[in-house]
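Below you'll find the structure, written out as structure tokens, and then a few comments.
The values are calculated or read from the model by the stated rules, or taken from the named source; none is laboratory data. These numbers come from a predicted model, not from an experiment. No Cβ is skipped: glycine too gets one built from the backbone with ideal geometry, and neighbour counts run over all protein chains shown. Quick note on the areas: whole protein, heavy atoms, side chains included, nothing else; ligands and nucleic acids left out. Shrake-Rupley method; radii C 1.70, N 1.55, O 1.52, S 1.80 Å.
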Amino acid sequence: MGHGGTGWRSHLPRSPVPGWGKAATGVLMALRGPVERLLTLALRRVARLRPDVFERLGEAGDVVFIVAPTDFPVAFRLRPGRGSGEVQVVRGDDEALHAARISGPLLTLLALFDGRCDADSAFFSRRIRVDGDTRAVVALHNTLEAAELTLADLLGVAPAFRDRLNAGLAGALDRLRPAGAEA
């Protein structure tokens, strides 16, 4: 498998997301441009401000990851790059070649990103699923964990407002989680 993200194509069946029709998915895909620009700019901002984060990725910095919320009809194609990375919004059942696919509920994936959810626990309890190059996924996990990034970092919020925004976002995400569900 090449490290350029071209060695893996999942052959697992992808079921449609309950409650999301083709029309809703089409609308989300039509509106993907601004989301892609925002997330790509955020990724590049982090690369500029925290080059150590991308150095830690090593070879995994050049691979393509699919981050696929199982309860949302679109997924995110992430190529970290080394300062020139990009994020694309793709259909949830997108089968384009990639190094690894990380799937799970959207709220769990967001909690993994900002450290509110333990990745090992989420993996072993099967709340998330990893397909493909597990070495690359472990490198991504270790890098995110060491970087201690938050959702405010991703959004490029000024330091004076980060703590308040992070607390507000964490509270909002907790309220969105169904009763009894873990992050």
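Just checking, does the stretch 32-43 include any residue being closer than 20 Å to Arg129 by Cα and either open to solvent by less than 70 Å² (accessible area, probe 1.4 Å) or assigned to a helix (DSSP H, G or I) (or both)? Scanning the stretch 32-43, I find no residue that is closer than 20 Å to Arg129 by Cα and either open to solvent by less than 70 Å² (accessible area, probe 1.4 Å) or assigned to a helix (DSSP H, G or I) (or both), so the answer is no.
Note on the stretch 115-133: among residues that are assigned to a loop (DSSP other than H, G, I, E, B) and either open to solvent by less than 40 Å² (accessible area, probe 1.4 Å) or aliphatic (A, V, I, L, M) (or both), the one that is nearest to Ala147 (Cα to Cα) is Cys117.
For Arg77, the conditions (1) at pLDDT 95 or above; (2) in contact with a helix residue (DSSP H, G or I) (Cβ under 9 Å, 6 or more places away or on another chain) are fulfilled apart from (2). The single condition among (1) more than 17 Å from the chain's Cα centre (by Cα); (2) among the aliphatic types (A, V, I, L, M); (3) open to solvent by less than 80 Å² (accessible area, probe 1.4 Å) that Leu49 does not meet is (3).
Considering the stretch 1-11, the residues that are touching a strand residue (DSSP E or B) at 6+ places or on another chain (Cβ under 9 Å) and open to solvent by 60 Å² or more (accessible area, probe 1.4 Å) include one that is modelled with the lowest pLDDT, namely Met1.
For Leu97, the requirement of being surrounded by 20 or more Cβ atoms within 10 Å (Cβ to Cβ) and at pLDDT below 95 is not met. Considering each of Leu57, Leu140, Leu110 in turn, give the residue that is open to solvent by 30 Å² or more (accessible area, probe 1.4 Å), at pLDDT below 95, not in a loop (DSSP other than H, G, I, E, B) and not acidic (Asp, Glu). None of the other options fit; the residue is Leu110. For beta carbons closer than 8 Å, sequence separation of 6+ or different chains, a first residue in the stretch 73-97 that is on the phi > 0 side of the Ramachandran plot and in a loop (DSSP other than H, G, I, E, B) and a second that is surrounded by fewer than 16 Cβ atoms within 10 Å (Cβ to Cβ) and not aliphatic (A, V, I, L, M), the qualifying pairs are Gly83/Arg48; Gly83/Pro51.
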